[in-house]
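J.: This is the structure I want to talk about, given as C-alpha cells.
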Amino acid sequence: MSKNIIEAPFTQEMMKTTANLYRLGWDERNGGNISYLLTEEEVSEYLDTSKVIREIPMIFDASELKGRYFIVTGSGKYFKNVMDEPEVNLGVIRVAEDGRHVELLWGLEDGGRPTSELPAHFMSHIERLKIDPEHRIIMHNHATNIIAMTFTHDLSEKAFTRTLWQMCTECIVVFPEGVGMLPWMVPGTDEIGTATAAKMKEYRLVIWPHHGIFGAGKDMDEVFGLIETAEKAAEVYTLVQAQGGIKQTITDQELRDLAAAFGVTPHEGFLA
Ligand code: 13P
Ligand code: ZN
C-alpha cells in the first residue's frame, strides 16, 4: 500500500504505451484512449481502496462491472503528456455499486474525467469478458492509414477484412475473425458504445469510419499488436494504391492454406 503507484507495472505500461502511440502519430492532440482492467490485489498494493477522492457520474449503466477497477486515460488529455504527468493524465477508477458512477482512487489531479469514450470502453469490456475471462484492455486510437482507407475502400466487413488480409501475409493469423465496421456515428455517446460492444461479440478490432479503431485484448502487447498489424496492412494498401493499384495478390486459396498451416479459422464467409 505504501508503494509508489507510478512504479506499478500497469501505470508504467500505460505511460510507455501512450508515448509509443503518440510517436506513431495515431494520437494527435487528445486523440485516443485506453482502459485497462485491474484486480483489487494489484490496486491495493499501491492504493488504499477505501479512500475515494471523487465520484464521477456516467451517462450509462455499467452495473455489470460494479466493483471492478480500471486505469484509464483522461478525457481531453494528450498522450504526449502522459509520461511527464501521469497523475494528471491517467486515473484509477472503480465502478460504483449503482453502476452510474465511477469512484476516483488516484490521478486526474486537475479535476479531470475519464475518457469521453468510457461507454464504448465499458460496454466492450462487458462483452469481451463474456467471451474471454482473461480479457483486460480496450484501446482506441486514430490509426492514420485505417482512417484513410475508410474513405476509399468498400466498408463492408467482408471486403475490408479481405483486403487487409491480402496486404500482409501475417494478418489472417493475427486477426482471423476479421474486423468489425460501424457506420459513421457521433463519438462519446451511449449509442456508439452499444454498437461497438455489439461488434466486440465477434471481433477484437472494430473500425469507426473516418475516425479510428477500437481494439480489445488480454494484455497491452496483444491489443497493440492487433492494431499495429491492421494499421500496417492499411499502410501497405495506401502504398499499393499510390503505386498504381493491385496487379496480383494473395489468393483466397492461399489465405485458406495459411490459416490451416497456422491453425486459425478465418471468419466464415469472408473468403470465396
Ligand atoms: P477523450 O480525450 O475524451 O479520450 O477523447 C478522445 C477521442 O479519441 C474521442 O474519440
Ligand atoms: Zn477518437
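J.: Within segment 88-122, take every residue that is assigned to a loop (DSSP other than H, G, I, E, B) and hydrophobic (A, V, I, L, M, F, W, C) and give me the one that is nearest to ligand 1 (Cβ to nearest atom).
T.: Ranking the qualifying residues of segment 88-122, first place goes to LEU108.
J.: Here is a list of conditions, (1) surrounded by fewer than 23 Cβ atoms within 10 Å (Cβ to Cβ); (2) of a type outside the set (Gly, Ala, Ser); (3) within 15 Å of ligand 2 (Cβ to nearest atom); (4) under 22 Å from ASN20 (Cβ atoms), and GLU170 meets all of them except one; can you say which number that is?
T.: Going through (1) surrounded by fewer than 23 Cβ atoms within 10 Å (Cβ to Cβ); (2) of a type outside the set (Gly, Ala, Ser); (3) within 15 Å of ligand 2 (Cβ to nearest atom); (4) under 22 Å from ASN20 (Cβ atoms) one by one, GLU170 breaks only (3).
J.: I would also like to ask the following. For residues that are touching a Pro at 6+ places or on another chain (Cβ under 6 Å) and away from ligand 2 (no atom under 16 Å from the Cβ), tally how many sit in segment 94-150.
T.: So the count comes out to 1.
J.: Oh, and also: Is there any pair with a first residue in segment 211-230 that is closer than 20 Å to ARG162 by Cβ and touching a residue at least 24 places away in the same chain (Cβ under 8 Å) and a second that is more than 16 Å from ligand 2 (Cβ to nearest atom) and among the acidic types (Asp, Glu) whose Cβ atoms are under 7 Å apart and which are 6 or more apart or on different chains, and what are they?
T.: THR229/GLU170
J.: Which of the residues that make up segment 49-93 are among the hydroxyl-bearing types (Ser, Thr, Tyr) and within 16 Å of ligand 2 (Cβ to nearest atom)?
T.: THR73, SER75, TYR78
J.: Among the candidates LEU90, LEU104, LEU108, single out the residue that is on the phi > 0 side of the Ramachandran plot, of a type in the set (A, V, I, L, M, F, W, C) and in contact with a Gly (Cβ under 7 Å, 6 or more places away or on another chain).
T.: Numbers: LEU90 fails: on the phi > 0 side of the Ramachandran plot; LEU104 fails: on the phi > 0 side of the Ramachandran plot.
Just one listed residue meets the conditions, LEU108.
Here, each number is a calculation from the coordinates, and none is a lab measurement. Note that this is a predicted model, so its numbers are computed, not measured. With ideal geometry, Cβ positions are generated from the backbone for all residues, glycine too; neighbour counts draw on all protein chains shown.
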